[in-house]
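See structure below.
The values are calculated or read from the model by the stated rules, or taken from the named source; none is laboratory data. Bear in mind that the values here come from a model prediction, so they are computed numbers and not experimental data. Positions of Cβ are generated from backbone atoms using ideal geometry, with glycine treated the same way; all protein chains shown enter the neighbour counts. Accessible surface areas use protein heavy atoms only, side chains included; no ligands, DNA or RNA. Shrake-Rupley method; radii C 1.70, N 1.55, O 1.52, S 1.80 Å.
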Amino acid sequence: MKADLNWLTDPTVFRVNRLDAHSDHVCYESPEEMATGKTSLRQSLDGMWRFAWSKRPADRPADFWQKNFDDFDFGIIQVPGHMELQGYGQIQYINTLYPWDGHAELRPPEIDWEDCPVGSYVREFDLEPGLLGKSVCISFQGAEQAIYVWLNGRFVGYAEDSFTPSDFDLTPYIREKGNRLCVEVYKRSSAAWIEDQDFFRFSGIFRSVYLYARPAVHLADLWLQAGLEEDNTTGTLPVRLLLEGEGSVHMELTHPIQGTLFDGDLELSPEGNYLRSQPFRFENIFLWDHDHPELYQATLTVTALDGTVTEVVPYSIGFRRFELKDGVMLLNGAQLMLNGVNRHEWNPDTGRAIKINDMTAAIDTFKRNHINTVRTCHYPNQTPWYHLCDQNGIYMMDEANLESHGSWQKLGKVEPSWNVPGSLPEWRDCVVDRAKSMFERDKNHVSILFWSCGNESYAGEDILAMADFFRANDPSRLVHYEGVFHCREFDRISDVESRMYASPENIRVYLKNSPKKPFLPCEYMHNMGNSLGGMESYIRLGEEFPQYQGGFIWDYMDQALWRTDVNGRRVLGYGGDFGDRQTDYAFSGNGIVFADGTEKPAMQEVRYWYASPAQRAAHDAANEQAKRALALPTGQTRKSPLRVIHGDGALGVRGEGFEILFSYPEGGPVSLASKSQEWLWRAPRPAYWRAPTENDRGNGFALKSSIWAAADSWQKCENIEILEESGERVCIRFTYTAPALPGLKTDVTYMVEDTGCITAAVHYHGGAGRPELPLFGLRFATPEPVETVEWLGLSGETYPDRKKGGVFGWHQEVPHIPAYLVPQECGCHVDTQAVILRNGSSRLTLEMADRPFAFSAIPYIPQQLEQAAHREELPDPVRTVVTVCGAMRGVGGIDSWSSDVEEAYHISGEADQEFSFSLWL
């Protein structure tokens, strides 16, 4: 057989000579070898390969696979790795639109032959001793997007599906020494129409490649179908094997505490192509769940007829029962609550070519923040991740590599006229094969509770065929698919009602109508930038309705890449930073952790709401106790008469150890000094505006409230009135207007007392028809950056709709902004009782008056933040900007494109707003 480029545009050709998918077990040559954890029956081909990149198929070295081809001019490339991150081809991030949109007019299954990059890979190798004398296969664990394989000048096979293994038998072509493996990797094929995930579009061999030996008697596939009877104490274990060659299989089942539960030969009977063992029942079993991820080790020893051990296969299993009863999901008989997150595989240096340390870091973060469930959005992940989830009790939704939203989501509208796969017969085998490949590889993992048919691909007979495959082969798990929400004709595809970004109100409507299916939002709380406000409303649904069973936050980690900017700095880049067009810019920055794995400020809210009710109650009680125990800083009680100095341009007030200068031309205090420390750069002004969050921009609030940006930037002091003047007290009121908003009037009244206390009272006079306010407060800047800011209030960055996770107490930080990919409103601390700004031995204290306030102390004004597309575009800090707020709008988080902040967290522009606070020098 010869390789044929026409396969690239034929959806019915997705595998040629590819071996059937099989379980992800590892075979060892002996028990002693198994004890070392390193098998001699595998040979890694990871490392540096010879490589040539071509922009289009017509330019590729078409004969590079031939025996005598001279590849001297080839470069090198790291495997695993993406071509684009090693200098070959265009880096591109795009969400819904297909990458070629506007560049080529295509419809499925066409590709643009003028822009279809090809990577030509060459690897030479000798067989290692453990593979000699045996059949040898090769496994490509992940290659994007279509591959052709040759060995020693002979065509081996072809495969698609970037995220499940493609295995081929090399035995007819392989030799002991001097093997030359050649692989062509195409970035585009018909598969591109159904691999339209919201991520950076890469290509190449990005997961490991290895050879593996198949001895004369070989365990090709195993399914250890561990289950749990209704009594919750009896474990069941049917064993199904695919054995190549004639021999016997011995099984030992052990547990670290219970010891050996079984040790004997399996009695195997034919079941189609497979062998089925005698049924096993084990009493007093330890159950597997999130809190107690109890695993048992099954060790299978394969023996040839002559008594020679050919393979030893260990596999960890868990006993649990997952079911849907009366519309409620139960694990081991108990209602299940999924504290979930969507997780792309990501590393800011290597993209989706991640390593085990990336995975263990994610597991640590999950455990630290009470995350108990993960969705493998939107493709099967690397095998080690599944073992980590088994070991750590992380429930999994395993999702097939299918997404075609560009074929039916057209600029925000549902328009499926040429949707794929739909009900098109030519696509059916292809997508069912993707379901089968995922299932066969991952079926032994106890952590998997759901098979997901993919993401955002509308619905039709083809996806229904995927669901039917899962149900026919594995009734022990549920089938998930969100797309039926848009096409109720195929509602039977999914066992759960899964919607993306449904509001709490809409979910409540569903749950109040006695539905047949539980509600499970596969994506909610879109954490783009400064977000995740309103999570409480979702968690409360679970307390009210048994059929609300949690959901999956979007998503785990920002997808951003390290790059070098125009000034030679190493910075994180997003879509558009790499010359990519079309692009969706920073829309990939939705994580609860930054791209480097650092937790975002919103994580403390996740940690709180994903904790158990008892843990939350303890947190709340500790906060209340801390509020009672921690007192405000004590101000001066000693009185010293004030000295008032009248000037032509200012009113000066001098007390013991401090001096204030109220400027008439500047319309406010321009000096607040103590012990030679000046605290004011310019006169404070009422604050109405914040740098829009990405949610503010997406839901249109920034546009609707934009008049407040002008009012905030261009204010006029309309009137100054001295209300009181004595040795005990001086009171002066400044009234501010703004030409952009006729009728706007805000009073700021300063009262200086002989105790040294300065009270600032801010009163906004509402006006009919005015848009809602982003915030309301008083803003000032210091002449130079303050060294530290301390506050008595809640830990971390908090907002009115994202504050329950804060710990009450005294906290300290250096003024900064969080590392959001796009600068925006940030650094707020709500429910604050006191703030201390420190420079050396000097300090300025702000205290609440009648109620706590919100504040931020960061290096920039809102206008600087909103004009910067990246953090590195901001200037070096020269001041600290302090904003003290009587009202702060919530940040929201239902989604980042249409949903408003919840009503309780709006600020009326029509009603009066007022607050006050005190300052001490």
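Quick one: Debye curve from the C-alpha atoms of the range 6-214, no solvent, what's log10 I(q)/I(0) at q = 0.13, 0.15 Å⁻¹?
Scattering profile of the range 6-214, log10 relative to I(0): -0.73, -0.95.
Please report the net charge: other residues with Cβ closer than 15 Å to the Cβ of PHE262, K and R +1, D and E -1.
-4
Quick one: grab the alpha carbon gyration tensor of the range 1-41, order the square roots of its eigenvalues as a ≥ b ≥ c, and give me rounded if a/c is under 1.5, else prolate or oblate depending on whether a/b is larger than b/c. All intermediate terms of the calculation are to be shown ahead of the outcome.
On the way: a/c = 5.09, a/b = 3.56, b/c = 1.43.
Prolate.
Any idea what log10 I(q)/I(0) is at q = 0.12, 0.17 Å⁻¹ for the range 100-184, Debye with uniform C-alpha scatterers and no solvent?
The Cα Debye sum returns log10 ratios of -0.46, -0.77.
Just to be sure I understand: of the beta bridges DSSP finds with both ends in the chain, what percent are antiparallel, rounded to 5?
On the way: 190 of 216 bridges.
Taking every DSSP beta bridge with both residues in the chain, the antiparallel ones total about 90 percent.
Taking only protein heavy atoms and a 1.4 Å probe, what accessible area per residue, in Å², does the range 273-394 have with all protein chains in place?
On the way: 4300 Å² over 122 residues.
Accessible area per residue: 35 Å².
Just going by the charge dipole of the chain, with Lys and Arg at +1 and Asp and Glu at -1 on Cβ, which of LEU821, ALA192, PRO774 is farthest out on the positive end?
The residue sitting most towards the positive pole is PRO774.
Got a sec? What order do ASP71, ASP555, ASP10 fall in by accessible area at 1.4 Å, biggest, i.e. largest, first? Write down the numbers at each step before the final one.
Numbers: ASP71 25, ASP555 0, ASP10 50 Å².
Most to least solvent-accessible, the answer reads ASP10, ASP71, ASP555.
Report the local net charge at SER30: Lys and Arg +1, Asp and Glu -1, summed over other residues whose C-beta lies under 13 Å from its C-beta.
Details: positive: LYS38; negative: GLU29, GLU32, GLU33, GLU311.
My count for the surroundings of SER30 gives -3.
With the Cα gyration tensor of the range 657-795 giving a ≥ b ≥ c as the square roots of its eigenvalues, does the rule (a/c under 1.5 for rounded; else a/b larger than b/c for prolate; else oblate) give rounded, prolate or oblate?
Values: a/c = 2.24, a/b = 1.45, b/c = 1.54.
Verdict is oblate for the range 657-795.
Could you point to the residue in GLN258, GLY909, ILE354 farthest towards the positive end of the chain's charge dipole, with +1 and -1 charges on the Cβ of Lys/Arg and Asp/Glu respectively?
Sorting the options by dipole projection puts first GLY909.
In percent, how large is the relative contact order of the range 398-466, given Cα pairs closer than 8 Å and 6 or more residues apart?
51 percent
For the peptides 299-305, 764-770, what is the packing order when you average, over each peptide's residues, the other Cβ atoms within 10 Å and list the highest mean first? Show your work: numbers first, answer last.
Values: 299-305: 18.3, 764-770: 14.3.
The densest-packed peptide leads the list: 299-305, 764-770.
Could you check how much of the accessible area of the chain is carbon and sulfur, as a whole percent, using a 1.4 Å probe? Mind showing how you got there, number by number?
Values: 17020 of 34280 Å².
Within the chain, the accessible surface is 50 percent carbon and sulfur.
Roughly how many Å is it from the Cα centre of the range 864-921 to that of the range 44-116, as a whole number?
The range 864-921 and the range 44-116 have Cα centres spaced 46 Å from each other.
Which value, in debye to the nearest 20, describes the size of the charge dipole of the range 33-145 about its Cα centre when Lys and Arg Cβ atoms bear +1, Asp and Glu Cβ atoms bear -1, and nothing else is charged? Don't skip to the answer; put the middle values down first.
On the way: 10 positive and 18 negative charges, 94 e Å.
Here the size comes out at about 440 debye.
Quick one: Cα centre-to-centre distance for the range 197-233 and the range 744-796, in angstrom?
The two parts, judged by their Cα centres, are 59 Å apart.
Given +1 on the Cβ of Lys and Arg, -1 on the Cβ of Asp and Glu, and no further charges, what dipole in debye does the range 227-317 carry about its Cα centre, rounded to the nearest 20?
Values: 3 positive and 16 negative charges, 25 e Å.
Value, rounded to 20: 120 debye.
Can you run phi through the Karplus equation (6.51, -1.76, 1.60; θ = phi - 60°) for the range 175-185 and list ³J(HN,Hα) in whole Hz, with x for Gly and Pro?
9, 5, 9, x, 7, 10, 9, 10, 9, 9, 10
Per-residue ellipticity at 222 nm for the chain, helices alone: DSSP H runs ≥ 4 residues times -39500 (n - 2.57), over residue total, nearest 500 deg cm²/dmol? Don't skip to the answer; put the middle values down first.
Details: 13 runs with 124 residues, N = 921.
The per-residue figure over the chain is -4000 deg cm²/dmol.
For the range 490-534 and the range 422-486, what is the centre-to-centre distance using only Cα atoms, to the nearest Å?
Here the answer is 20 Å between Cα centres.
Would you list the P(r) distribution for the range 539-590, with all Cα-Cα distances sorted into 10 Å bins from 0 and each bin expressed as a whole %?
Per 10 Å bin, starting at 0, the Cα pair percentages come out as 22, 31, 18, 15, 12, 2.
Evaluate the Debye formula for the chain with equal point scatterers sitting on the alpha carbons, no solvent, and hand back log10 of I(q)/I(0) at q = 0.05, 0.07 Å⁻¹, in q order, two decimals.
-0.36, -0.66
Pulled fully out, how much extra length does the chain show between ARG569 and HIS906, if you take 0.36 nm times their separation in residues and subtract their Cα-Cα distance?
On the way: separation 337, 0.36 × 337 = 121.32 nm, distance 3.95 nm.
Roughly 117.4 nm would be gained on extension.
Using a 10 Å cut-off on Cβ atoms, rank the peptides 323-333, 263-273 from the highest mean neighbour count down.
On the way: 323-333: 15.2, 263-273: 11.6.
Ranking the peptides 323-333, 263-273 by packing returns 323-333, 263-273.
Under the rule of at least 5 residues apart or a separate chain, name every residue whose amide H is placed under 5 Å from the amide H of GLU914.
The list, which skips near neighbours in sequence, is TYR764.
If packing is taken as the average number of other Cβ atoms within 10 Å across a peptide's residues, how do 828-841, 29-42 rank, most packed first?
Values: 828-841: 19.6, 29-42: 14.6.
Top of the packing list down: 828-841, 29-42.
What figure, in Å² to the nearest 10, do you get for the accessible area of PHE72 with a 1.4 Å probe and non-protein molecules left out?
Ignoring ligands and nucleic acids, PHE72 comes out at about 150 Å².
Only four residue types carry charge here, +1 at the Cβ of Lys and Arg and -1 at the Cβ of Asp and Glu. Report the dipole size of the range 6-214 about the Cα centre in Debye, rounded to the nearest 20.
Values: 21 positive and 32 negative charges, 107 e Å.
With Lys and Arg at +1 and Asp and Glu at -1, about 520 debye.
Given bins 5 angstrom wide, list per bin the percent of all Cα-Cα distances in the range 725-826, short to long.
Per 5 Å bin, starting at zero, the Cα-Cα P(r) for the range 725-826 comes out as 2, 8, 12, 15, 16, 17, 16, 10, 3, 0, 0 percent.
Compare VAL822, VAL209 by solvent-accessible area with a 1.4 Å probe and give them largest first, with all protein chains kept in place.
On the way: VAL822 25, VAL209 0 Å².
Greatest to least solvent exposure: VAL822, VAL209.
Give me the percent relative contact order of the range 6-214, please, defined on Cα pairs under 8 angstrom at least 6 residues apart. Numbers along the way, then the final one.
Numbers: 466 pairs, mean separation 67.7, N = 209.
Relative contact order for the range 6-214 comes out at 32 percent.
Within a Cβ distance under 12 Å of TRP408, other residues only, what is the Lys/Arg minus Asp/Glu net charge? Write out the running numbers ahead of the final one.
Working: positive: LYS410, LYS413; negative: ASP196, GLU403, GLU415, GLU456.
Local charge sum for TRP408: -2.
Specify which residue in the list ILE111, GLY47, VAL149 is farthest towards the positive end of the charge dipole of the range 1-156, using unit charges on the beta carbon of Lys, Arg (+1) and Asp, Glu (-1), about the Cα centre.
Sorting the options by dipole projection puts first VAL149.
If you wrap a convex hull around the C-alpha atoms of the range 227-317 and split its volume per residue, what is the figure in Å³?
Values: hull volume 10.0 nm³, N = 91.
So the per-residue hull volume is 110 Å³.
Hey, got a sec? Which GluC sites (Glu not before Pro) in the range 153-223 land in a DSSP loop and have at most 13 other Cβ atoms within 10 Å? Intermediate values should be presented prior to the final figure.
Working: sites: GLU160, GLU176, GLU184, GLU195; in loops: GLU176.
Taking the range 153-223 and a limit of 13 other Cβ atoms within 10 Å, the loop GluC sites (Glu not before Pro) found are GLU176.
Using θ = phi - 60° and the Karplus relation 6.51 cos²θ - 1.76 cosθ + 1.60, list the HN-Hα couplings for the range 32-45 in order, rounded to whole Hz, with x at every Gly or Pro.
Those phi angles translate into 5, 5, 4, 5, 7, x, 10, 9, 8, 8, 10, 9, 6, 10 Hz.
Please state the relative contact order of the chain as a whole percent: Cα pairs under 8 Å, 6+ residues apart? If you can, show how the numbers build up before the last one.
On the way: 2336 pairs, mean separation 85.6, N = 921.
Dividing the mean separation by the residue count of the chain yields 9 percent.
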